[in-house]
Ligand code: HEC
Ligand code: HEC
Ligand code: HEC
Ligand code: HEC
Ligand code: HEC
Ligand code: HEC
Ligand code: HEC
Ligand code: HEC
Ligand code: HEC
Ligand code: HEC
């Protein structure tokens, strides 16, 4: 990018300033202020100044608000509401009707649940696909690129099963909120994570309670640290292309390269670890030494039952000697002893 010239630097605030003044004047000339809304915030005014969005079967948000003040009050304070109030695209300028569809017939009928083209939720006459299309008209790209055909889409899940649109989720600063979700998370979801996902994924709920678990309860990782619930081109909706790439994105010290590689580590961390939680130390799928025995049966120091105190089962831990089990860079580390 070319660096801005001093002239451009001066011009920018000027242009922005003028736009604000124009927007303010526009709002003053517009329809009488909504008395429920109180002193209208800036984005309100900008919206009134924008083209009303009334054409064809569209009546414009201002008409909707006359009967649905409550929805407007709740929606305008969400991130989506704020952006739409300062619309950047013709679709955003449609406001309420961007999601609910053209409302002329609804308004002429004086309201009614069946006259509005798109309604959301379980009791809606619209199919899940129709409801999702309303959202995807703006959100089809980015993280939703692989939504179509993803596990959640193909099981008939709607965006609004996880998302609420009219209200921000406020994760209270109670210990409950703190330990259930990272504080930065506030993406219009109905429940904080991982609770949102655990409603359906009961097996994960059990795993999270086990003695060895990824620090979900402690608020250091959450489901979307590893998965994209909107679908991904990777197995199990993972953010990375393989399980190993996923693990190594945080546990970088395990990436190597190693002079002596242990093949199961290079193949899949999940050969030995269960990422969601186990009852064995260090997220091991099977307790030591059985985790090694599952592959190594006839080694030079066989692993069948040994006399108590045998050096071969030193403290029941193969890794007490084979400590560099993820790979070694020591010249004589071929047995992962160092
Ligand atoms: C981004 C899409 C979207 C926009 C924009 C939107 N709505 Fe909604 N609306 C929804 C969804 C989704 C629901 C279902 C409840 C929820 O998730 O909050 C809903 C529910 C409703 C309901 C049912 C009652 C309720 O609160 O649950 C009414 C009435 C309504 N919207 C009116 C409006 C009006 C008026 C506007 C414009 C100020 C508007 N909507 C803008 C998506 C939208
Ligand atoms: C003349 C008043 C009026 C206007 C204007 C109006 N509505 Fe409604 N709307 C109603 C009434 C009344 C209902 C029925 C509410 C009920 O049965 O609970 C309704 C229902 C709805 C519902 C379904 C609520 C639900 O429970 O699921 C939505 C969505 C909705 N309106 C959106 C809009 C949108 C978007 C606009 C602007 C295009 C609009 N309305 C304009 C009066 C109005
Ligand atoms: C007219 C375009 C439009 C439609 C339709 C729309 N959105 Fe949005 N949405 C936006 C914009 C703009 C933002 C602001 C953030 C951004 O630019 O990504 C946003 C943000 C969001 C966010 C993130 C909020 C946050 O806290 O970061 C969620 C979640 C979301 N939308 C869900 C939905 C759902 C669910 C629907 C369907 C009911 C929907 N949207 C329909 C335009 C739209
Ligand atoms: C299984 C639950 C679930 C479903 C279904 C779902 N989402 Fe989300 N969505 C989430 C969660 C959780 C986040 C927060 C992700 C984060 O914090 O990284 C999110 C974030 C978002 C965001 C804001 C961040 C971003 O990724 O840009 C948007 C926009 C969004 N979802 C739109 C949608 C739309 C549109 C649909 C339907 C096609 C949908 N979502 C379906 C759970 C879901
Ligand atoms: C540290 C990364 C990580 C986190 C955090 C994580 N997962 Fe996973 N998840 C994985 C990996 C890796 C797999 C694939 C495991 C495999 O191949 O054995 C997976 C698989 C899954 C599967 C598919 C299981 C199957 O057998 O098909 C589901 C469902 C799932 N995770 C849900 C969740 C939920 C819900 C959460 C939040 C409580 C979560 N995950 C948190 C990494 C993670
Ligand atoms: C409304 C129920 C529901 C919710 C909520 C839900 N899921 Fe799912 N999820 C499903 C169903 C159904 C499947 C398909 C299960 C199967 O194939 O066995 C699935 C599959 C998955 C898979 C496995 C994908 C695969 O390829 O096998 C992952 C990973 C996953 N969900 C993660 C999440 C995450 C993360 C969240 C929270 C943001 C979440 N889910 C919320 C119902 C849900
Ligand atoms: C989003 C980052 C992230 C990802 C991805 C991730 N981890 Fe972790 N992992 C952590 C954090 C944070 C801890 C806790 C470390 C601590 O407390 O010092 C941890 C701890 C562990 C532990 C030690 C647990 C214990 O009880 O001592 C193991 C084993 C582990 N992770 C394996 C994996 C595996 C296998 C994967 C891939 C499936 C993975 N991790 C992916 C962040 C991550
Ligand atoms: C062959 C089985 C095996 C495989 C495959 C494996 N690990 Fe491990 N991992 C272990 C064992 C055993 C321990 C416990 C170490 C000990 O007892 O000293 C462990 C411990 C860990 C720990 C905790 C370390 C600590 O210092 O507390 C992390 C993190 C970890 N592994 C990450 C990974 C990652 C990432 C992968 C994939 C690249 C992976 N592991 C693959 C067997 C394995
Ligand atoms: C998923 C199967 C699998 C698991 C589980 C596994 N290994 Fe291995 N391990 C292998 C393979 C394959 C090789 C390579 C054998 C070769 O090169 O001949 C190997 C090589 C080794 C070697 C070097 C052998 C040599 O001859 O150079 C040692 C030492 C070793 N593993 C120890 C362990 C320990 C300790 C554990 C438990 C923490 C373990 N392994 C778990 C598959 C596994
Ligand atoms: C007291 C330390 C010690 C313990 C405990 C131990 N090993 Fe070893 N292991 C060794 C040494 C030393 C060698 C190298 C022998 C050599 O180079 O000739 C070795 C070699 C190996 C080899 C490669 C040689 C072969 O037999 O092909 C494997 C595989 C192996 N160990 C697996 C295991 C497993 C699995 C366990 C746990 C049941 C275990 N070891 C526990 C010290 C130990």
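I'd like the residue in the stretch 237-266 that is touching a strand residue (DSSP E or B) at 6+ places or on another chain (Cβ under 9 Å) and assigned to a loop (DSSP other than H, G, I, E, B) and, out of all such residues, is farthest from ligand 2 (Cβ to nearest atom).
Here the residue is 259.
Just give me the residues in the stretch 90-133 being free of Cβ contacts under 8 Å to residues at least 12 places away in the same chain and under 30 Å from residue 154 (Cα atoms), in sequence order.
Answer for the stretch 90-133, where residues must be free of Cβ contacts under 8 Å to residues at least 12 places away in the same chain and under 30 Å from residue 154 (Cα atoms): 113, 114, 115, 122, 123, 124, 125, 126, 127, 129, 133.
How many residues does the stretch 99-120 contain that are under 32 Å from the mean Cα position of the chain (by Cα) and either surrounded by 11 or more Cβ atoms within 10 Å (Cβ to Cβ) or within 16 Å of ligand 8 (Cβ to nearest atom) (or both)?
Of the residues in that region, 10 qualify.
Identify, from the list 219, 277, the residue that is at positive phi and in the same structural domain as residue 148 (by TED's automatic domain parsing).
219
Does residue 82 satisfy the condition of being touching a residue at least 24 places away in the same chain (Cβ under 8 Å), in the same structural domain as residue 193 (by TED's automatic domain parsing) and more than 30 Å from residue 236 (Cα to Cα)?
So residue 82 does not fit the description; no.
Could you please find all residues in the stretch 281-290 being more than 9 Å from ligand 7 (Cβ to nearest atom) and touching a residue at least 24 places away in the same chain (Cβ under 8 Å)?
Result: 288, 289.
Can you tell me which residue among 241, 232 is on the phi < 0 side of the Ramachandran plot and surrounded by 14 or more Cβ atoms within 10 Å (Cβ to Cβ)?
Testing whether each residue is on the phi < 0 side of the Ramachandran plot and surrounded by 14 or more Cβ atoms within 10 Å (Cβ to Cβ) leaves just 232.
Only one of (1) on the phi < 0 side of the Ramachandran plot; (2) touching a residue at least 60 places away in the same chain (Cβ under 8 Å) fails for residue 256. Which number is that?
Against the list (1) on the phi < 0 side of the Ramachandran plot; (2) touching a residue at least 60 places away in the same chain (Cβ under 8 Å), residue 256 comes up short only on (1).
The values are calculated or read from the model by the stated rules, or taken from the named source; none is laboratory data. Remember, predicted model here, so these are calculated numbers, not experimental data. Every residue, glycine among them, receives a Cβ derived from its backbone with ideal geometry; neighbour counts consider all protein chains shown.
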